[in-house]
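Step one of this worksheet: look at the structure below.
The values are calculated or read from the model by the stated rules, or taken from the named source; none is laboratory data. All values reported here derive from a predicted model rather than from experimental measurement. With ideal geometry, Cβ positions are generated from the backbone for all residues, glycine too; neighbour counts draw on all protein chains shown. Note: accessible area is taken over every heavy atom of the protein model, side chains too, but ligands, DNA and RNA are not part of it. Shrake-Rupley method; radii C 1.70, N 1.55, O 1.52, S 1.80 Å.
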Amino acid sequence: MKSLRWTLALAVVLALGTTTAAQAAPVTFGASLASPFEAGEASGGSGTFANLAFGEPGARPTSPVTGVIISWRLGDANGPFRLRVLRPNGGAYTAVGSSAIEVATGGPGSGIQTFTAAVPIQAGDLIGLDINNGNKIGVHRGDPADVAAVWIPPILDGATLPFAASENELEVAFNATVQPAPTVALIAPASGSIKGGSTVTIAGTDFANVTGVSFGSVPAKSFAVTSEGQMTAVAPAAKKAGKVDVTVTTIAGTTPVVATDKFNYKACVVPNLQGKKLKAAKKKLHKALCKVGKVKLKKGVTAKSGKVVKQGPKAGKQLAPGTKVNVTLG
């Protein structure tokens, strides 16, 4: 494969950035921007450049997590640039998304410039950088473990292509930060009234920039984030008893449905008491999370001999746990 062509200045400058340590959220990958790099200038045509491998300890060419790229950085750069997400595809790469074009106004010795973004990315995806002919950006040379690649012309979103050229001992000075998608690991308490209002603690990961919490398809009444691993939410009312999934949404996506995200809505599901004696009716009400209310006796019957001839509320109603059901014995 033909070599990448770069015009390198003689002076070597020290980048001003440092690697962001891997943590729950966010996670930075790509060039560390901490090693000394040289002033580089793209020549021989515009293209999409990517770092395929690094010799630098801790530097990662691909995203370790699924989420959204929230920012990206360039070292000693000048000119318009666009960040791309490249997904491995059977020996080639598919461009699956890109940032807006951003104009860097630095150059050799200017240090790090940061741009915001909101580009979805999956674990294992590569990042590329569209660089126009004549643009300046920092490069690191001399480490045999560094490998960079280029697509000429730039690979466009939706296209699947192998890279056009690669070169060892070359690292291009750019990286990106990903906000990982959130997860839910525990709901406590795991049940509450169908009327809503229960304050639920949600434990999980990556609760940063939370935009919503839902119980089934219904938004929580309110929520509050206490840390990246814990938050609270107030359950809304539900139409019927049963389990629903509690999901948390951030800028990086919505938590997947798992066995640990269930919230069980409980209700007094009013049973049919017709023909039951009072003792049997009470047992049936208790099992249905209801209580016996007022008991009326028709003439000639007692609490022991009478059977339910009328009840209120009617059978089938789903009400708050502990709701009283009135009965008439005849």
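The lone criterion from (1) surrounded by 14 or more Cβ atoms within 10 Å (Cβ to Cβ); (2) at pLDDT 95 or above left unmet by residue 183 is number (2). Taking the numbered list (1) of a type outside the set (Asp, Glu); (2) over 17 Å from the mean Cα position of the chain (by Cα); (3) surrounded by fewer than 19 Cβ atoms within 10 Å (Cβ to Cβ) in turn, residue 238 passes all entries but (3).
Give me the residue from the range 285-314 that is of a type in the set (Gly, Ala, Ser) and more than 43 Å from the chain's Cα centre (by Cα) and, out of that set, most open to solvent (accessible area, probe 1.4 Å).
300
Looking across the range 16-38 at every residue that is more than 17 Å from residue 117 (Cβ to Cβ) and modelled with pLDDT of 55 or more, the one that is most open to solvent (accessible area, probe 1.4 Å) is identified as 36. Restricting to the range 315-330, and then to whatever is aliphatic (A, V, I, L, M) and closer than 14 Å to residue 285 by Cα, can you tell me which residue is surrounded by the fewest Cβ atoms within 10 Å (Cβ to Cβ)? So the residue we want is 315. Here the strands (runs of 3 or more DSSP E) wholly within the range 45-137 that include at least 2 residues being open to solvent by 20 Å² or more (accessible area, probe 1.4 Å) are 47-53, 67-75, 78-89, 92-98, 102-105, 112-121. Just one of the listed residues (279, 291, 296, 324) is of a type outside the set (A, V, I, L, M), out of contact with any strand residue (DSSP E or B) (no Cβ under 7 Å at 6 or more places or on another chain) and more than 30 Å from residue 26 (Cα to Cα), namely 279.
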